[in-house]
Amino acid sequence: MPPTALRIWIIVPTYNERENVGPITEAILATVPDAHVLIVDDGSPDGTGDLADEMARTNPSVAVLHRQSKQGLGKAYVAAFKDLVERQADIAVQIDADFSHPVRFLPSLLEPLRAGSADVVLGSRYVKGGQIPRWNIFRRIISRGGSVFAGVVLLMPYRDLTGGFKAWRIDALRAIDLDRLHAGGYAFQIETTFRARLAGARIREVPITFEERREGQSKMSSTIFFEALKVVLALRVTTLISKRRGAIQEVGTPSR
């Protein structure tokens with residue numbers, strides 16, 4: 001399929017992002033003119049969803065998916081992924097609404113997918129060329145430590161496992177069984193990459209610069225961080241149990 005025929009959708013999850021949803025959508029479409037934007041709003045009380053509806057009425061490249069209440073970033077993305085499967089999209093991209101994921105890196109994330117050389121692309125702060133210019137040492141330790149911990153426990157070689165700037169081929173999303181995803185926040189990013197790797201996806205990292213949000217309040221919390229630690233351990237235990245059961249079944253299978 002030629003690159004221009006690929007149906008590219010950029011997912012923008014929102015909760016109280018009225019200041020950002022318009023500018024981020026405009027910036028995305030200016031950077032990737034052949035893309036569509038799917039705004040997923042979790043019933044924002046500040047009117048983000050209503051503003052998104054107005055944008056969709058005037059721009060055929062914008063669509064809105066409404067959810068009744070805030071249920072977490074992971075569930076918002078699962079709903080978006082399922083929606084894009086029904087729309088027969090070819091590529092889905094995850095990006096934050098607050099400009100912490102600079103839209104200028106979208107072409108870099110999309111290039112391996114357009115070329116057919118990858119199934120999942122991770123925007124990485126920790127490969128050569130990646131940067132986090134304004135973080136203090138504490139935030140760096142928490143973020144980098146979480147990625148290192150997940151990589152060691154889950155035997156994954158990627159340097160940035162907690163980042164949320166990612167691009168997917170829809171076939172890779174179908175392969176991970178979206179109904180099995182339950183984590184949110186950082187844990188969701190780790191879980192989806194882990195399940196994609198188990199399913200045989202070709203995963204690449206490309207460098208990005210992570211920037212502070214322009215407007216509104218950060219949604220990061222200690223609860224999200226500790227959830228990620230628990231999910232990593234649970235994924236490892238589940239994998240070991242599955243392998244053990246598979247080995248036992250194989251040993252117990254009568255020869256023919």
On the given criteria, is residue 129 surrounded by fewer than 17 Cβ atoms within 10 Å (Cβ to Cβ), touching a residue at least 60 places away in the same chain (Cβ under 8 Å), out of contact with any helix residue (DSSP H, G or I) (no Cβ under 6 Å at 6 or more places or on another chain) and within 26 Å of residue 34 (Cβ to Cβ)? yes
Pick from segment 74-130, criterion among the polar types (S, T, N, Q) and in contact with a Lys or Arg (Cβ under 8 Å, 6 or more places away or on another chain), ranking: nearest to residue 201 (Cα to Cα): 117
Search result, residues across segment 65-110 that are under 17 Å from residue 165 (Cα atoms) and part of a strand (DSSP E or B): 91, 92, 93, 94
Working only within segment 79-88, note down all residues that are surrounded by fewer than 21 Cβ atoms within 10 Å (Cβ to Cβ) and touching a residue at least 24 places away in the same chain (Cβ under 8 Å). 79, 82, 83, 85, 87, 88
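Just checking, which of 190, 208 is modelled with pLDDT of 90 or more and touching a strand residue (DSSP E or B) at 6+ places or on another chain (Cβ under 8 Å)?
On the way: 190 fails: touching a strand residue (DSSP E or B) at 6+ places or on another chain (Cβ under 8 Å).
Step by step, each of 190, 208 is checked, and only 208 is modelled with pLDDT of 90 or more and touching a strand residue (DSSP E or B) at 6+ places or on another chain (Cβ under 8 Å).
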Within segment 111-126, work out how many residues are in a loop (DSSP other than H, G, I, E, B) and either surrounded by 13 or more Cβ atoms within 10 Å (Cβ to Cβ) or of a type in the set (Phe, Trp, Tyr) (or both). 4
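Is it the case that residue 11 is over 23 Å from residue 188 (Cα atoms), hydrophobic (A, V, I, L, M, F, W, C) and under 18 Å from the mean Cα position of the chain (by Cα)? Give the derivation first.
Values: over 23 Å from residue 188 (Cα atoms): no; hydrophobic (A, V, I, L, M, F, W, C): yes; under 18 Å from the mean Cα position of the chain (by Cα): yes.
Taking the combined requirement at face value, the residue does not satisfy it.
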Sort out which residues of segment 154-180 are under 19 Å from residue 230 (Cα atoms) and crowded, with 19+ Cβ neighbours inside 10 Å, and write them in order of number. 154, 160, 161, 162, 163, 164
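The values are calculated or read from the model by the stated rules, or taken from the named source; none is laboratory data. Fair warning: this is a prediction, and the values are worked out from it, not measured in the lab. Cβ coordinates were reconstructed from backbone atoms using ideal geometry, including for glycine residues, and neighbour counts include every protein chain displayed.
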